[in-house]
Amino acid sequence: MDSDIIIIGAGPAGLSFARILADTGLKITMLERQTEKTLAKPDYDGREIALTHLSQRLMDETGMWSRIKDADISLIKDAKVLNGDLNDPLFFDHTKSGKENLGFMISNHHIRRAAYEVCKPYKNINLMTEKEVWAVETDDVGGTVTLKGGKKLRSRLIVAADSRFSATRRMMGISTDMRDFGRTCIVCKVKLDKDHDETAYECFFYDRTVAILPLKGRYCSVVITIDSKDAHLVLDQSPKEFAQELSKRMEGRFGKMTLDTQLYPYPLVGTFADCFYANRYALIGDAAVGMHPVTAHGFNFGLRGAHTLATEIKKFHDLGLDIGSREILQHYNTSHRQATWPLYMGTNALVGLYTKTTPLAKLARKALLSIGQHLPPAKRMIMNQLTEAAS
Ligand SMILES: Cc1cc2nc3c(=O)[nH]c(=O)nc-3n(C[C@H](O)[C@H](O)[C@H](O)COP(=O)(O)OP(=O)(O)OC[C@H]3O[C@@H](n4cnc5c(N)ncnc54)[C@H](O)[C@@H]3O)c2cc1C
């Protein structure tokens with residue numbers, strides 16, 4: 001065998017998984033098609049990632065958290081969900097969560113850089129960049145990965161962290177629930193004239209959703225979700241037109257708003273693999289669960305899954321048992337499905353309901369917010385799901 005584990009994809013999930021296992025001494029090979037320079041200094045991509053307390057703890061344990069400057073970590077203290085107009089929000093109050101804040105915000109490029117930096121010092125992690133995986137197959141004792149150009153590598157276990165459109169998942173015959181929402185998510189950073197009070201706003205307008213997520217100082221991340229056919233209405237606006245319309249929609253509560261970056265569009269496709277493993281092969285990160293960003297959970301689930309799988313592998317490794325065994329993979333599959341399926345389905349249902357404009361859907365939206373607002377147990381349940389507070 002060339003190594004114990006081959007990880008396909010050095011995105012944030014693949015790198016976090018490698019780092020969690022690094023201290024075991026297991027020989028890990030990471031295969032990534034991008035250049036090493038891109039991993040070491042990723043460009044800003046408009047994504048500001050909302051992180052739960054569980055993710056904060058896991059990033060702390062891997063040393064990633066301390067590699068991010070305090071100035072680049074923002075807090076979400078409270079959250080408001082609004083339906084159509086800005087009055088009578090569903091309010092998530094951090095004091096009811098037992099924590100000092102509901103969550104954290106960090107730019108995706110800082111997370112990616114930190115994940116790369118914590119892996120780099122480990123001699124047992126062999127990061128091979130500019131390597132494109134072309135084929136994967138497994139047998140009773142291990143797996144073989146074929147790279148573009150024909151080179152073959154063997155390991156006892158293959159872990160795919162190769163994105164929600166994972167090509168190796170298909171090669172291994174794992175079918176996947178894929179939902180193209182027909183919508184585009186447009187993200188950017190905006191400067192404000194008034195304080196956001198570290199409050200996140202999720203506003204479900206009838207033609208689009210707008211999230212305002214608090215960043216350090218008077219800045220926020222804006223996430224607009226709109227039908228793909230209408231995305232040009234936002235993308236073609238001048239910075240001034242964009243800011244003016246946003247300010248108007250927010251009824252001036254942040255004063256003048258100024259666009260601080262370009263607009264970054266992302267097509268929205270949700271994915272949930274029918275099984276997170278095959279023979280000597282496991283899926284992690286978006287390759288297992290690719291979430292719609294409205295509930296901000298893609299990377300949170302990616303970290304959680306990486307931790308669950310790595311913990312099982314460590315147990316077997318400590319006992320001198322086979323780290324590619326079906327038992328490990330089955331346990332990971334059951335546990336990670338239970339942790340992610342309710343929010344995956346809930347998010348998709350929410351997206352469906354809040355993008356329909358029929359009178360019945362509008363009524364159902366109002367009823368749902370009212371239930372959330374006036375039934376404390378329901379509200380607590382939603383809050384626990386979103387913040388992973390109970391984990
Ligand atoms: C607009 C937006 C907002 C978001 N907001 C949040 C949020 O607030 N909170 C949150 O938790 N999540 C959020 N997410 C989700 C989060 O960004 C993703 O879940 C996360 O980046 C996925 O990481 P990954 O490592 O699984 O996959 P990726 O980042 O897609 O990495 C996959 C890697 O695999 C490599 N690769 C693929 N195929 C091959 C191959 N054949 N050979 C070699 N290499 C290969 C790719 O080059 C890439 O580096 C958001 C996403 C979007 C789009």
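The values are calculated or read from the model by the stated rules, or taken from the named source; none is laboratory data. Remember, predicted model here, so these are calculated numbers, not experimental data. As a convention, Cβ positions derive from the backbone with ideal geometry for all residues, glycine included, and neighbour counts pool all protein chains shown. What goes into the accessible areas is simple: the full protein's heavy atoms, side chains included, and nothing from ligands, DNA or RNA. Shrake-Rupley method; radii C 1.70, N 1.55, O 1.52, S 1.80 Å.
Can you tell me how many residues in region 190-202 are assigned to a strand (DSSP E or B) and crowded, with 20+ Cβ neighbours inside 10 Å?
Of the residues in region 190-202, 6 are assigned to a strand (DSSP E or B) and crowded, with 20+ Cβ neighbours inside 10 Å.
Residue by residue through region 272-302, note down the ones that are under 23 Å from ALA211 (Cα atoms) and more than 8 Å from the ligand (Cβ to nearest atom).
VAL289, HIS292, VAL294, THR295
Could you identify the single residue in TYR116, TYR44 that is crowded, with 20+ Cβ neighbours inside 10 Å, aromatic (Phe, Trp, Tyr) and within 16 Å of the ligand (Cβ to nearest atom)?
So the residue among TYR116, TYR44 that is crowded, with 20+ Cβ neighbours inside 10 Å, aromatic (Phe, Trp, Tyr) and within 16 Å of the ligand (Cβ to nearest atom) is TYR116.
Counting only residues that are touching a Cys at 6+ places or on another chain (Cβ under 7 Å) and at pLDDT 65 or above, give me the helices (runs of 4 or more DSSP H) lying completely in region 275-387 with at least 1 of them.
326-355
Enumerate the pairs (first residue in region 245-258 and surrounded by fewer than 19 Cβ atoms within 10 Å (Cβ to Cβ); second residue anywhere and assigned to a loop (DSSP other than H, G, I, E, B) and not hydrophobic (A, V, I, L, M, F, W, C)) with beta-carbon separation below 8 Å, excluding pairs fewer than 6 apart on the same chain, so at least 6 apart or on different chains.
Correct list of pairs: GLU245/GLN237; ARG253/LYS194; GLY255/ASP193; GLY255/LYS194; LYS256/ASP193.
Of the residues ASP72, ASP60, which single one is closer than 20 Å to GLU198 by Cβ, more than 13 Å from the ligand (Cβ to nearest atom) and of a type outside the set (A, V, I, L, M, F, W, C)?
ASP72
Go through (1) open to solvent by less than 60 Å² (accessible area, probe 1.4 Å); (2) assigned to a loop (DSSP other than H, G, I, E, B); (3) modelled with pLDDT under 95 for LEU268 and report which single condition fails.
Of (1) open to solvent by less than 60 Å² (accessible area, probe 1.4 Å); (2) assigned to a loop (DSSP other than H, G, I, E, B); (3) modelled with pLDDT under 95, only one is false for LEU268: (2).
Return a yes/no flag: does region 51-73 have any residue that is in a strand (DSSP E or B), touching a Gly at 6+ places or on another chain (Cβ under 7 Å) and within 21 Å of GLY305 (Cα to Cα).
yes
Would you tally the residues in region 1-34 being over 17 Å from the mean Cα position of the chain (by Cα), open to solvent by 20 Å² or more (accessible area, probe 1.4 Å) and within 10 Å of the ligand (Cβ to nearest atom)?
Of the residues in that region, 2 qualify.
Could you check region 173-189 and list, in sequence order, the residues that are within 27 Å of LEU350 (Cα to Cα) and part of a loop (DSSP other than H, G, I, E, B)?
ILE174, SER175
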